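So the structure is just underneath, and the comments pick up after that.
The values are calculated or read from the model by the stated rules, or taken from the named source; none is laboratory data. Because the structure is a prediction, the values reported are computed rather than measured. Using ideal geometry, Cβ is built from the backbone for each residue, glycine included, and neighbour counts are taken over all protein chains shown.
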Amino acid sequence: MKTRFWLFAIVPALLLGGVVGAQGPILMDLISNRVVQKYQSASCEQLWEKKGQPKTAEEQNFIQFLRNDPSERTTFINKIAGPVVNKMFECGLVP
């Protein structure tokens with residue numbers, strides 16, 4: 001469930017999600033940078049509000065892409081993990 005918290009941040013980038021495989025690392029860098037930027041600029045209140053909201057179709061597509069490609073998933077998570085988890089910790093979203 002905690003992995004859902006970062007998902008709200010990728011909505012604009014998910015519009016490009018269908019071409020992630022075709023564009024390779026450049027697009028993955030763009031998406032991961034947007035996720036980090038959105039987490040760093042979001043207030044704790046905004047993160048708490050987004051916590052329980054359902055995923056959009058774009059988010060679901062991107063999640064499916066990450067599930068189907070373990071190497072891209074690893075790359076994505078390695079890029080966003082530090083900044084996102086630090087923000088979640090500051091906001092009391094992780095112990």
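Conditions tested, residue by residue: (1) surrounded by fewer than 17 Cβ atoms within 10 Å (Cβ to Cβ); (2) within 16 Å of Leu27 (Cα to Cα).
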residue	(1), (2)
Lys51	yes, no
Lys55	yes, no
Ile63	no, yes
Asp69	yes, yes
Thr75	yes, yes
Asn78	yes, yes
Val84	no, no
(request) Give the range 43-79 a look and list any residue that's more than 13 Å from the chain's Cα centre (by Cα) and in a loop (DSSP other than H, G, I, E, B), or say none. (result) Ser43, Gly52, Gln53, Pro54, Asp69
(message) Step by step: first the residues of the range 23-49, then only those that are small (Gly, Ala, Ser) and loosely packed, with under 12 Cβ neighbours inside 10 Å, then the one that is modelled with the lowest pLDDT. Which residue is that?
(response) Gly24
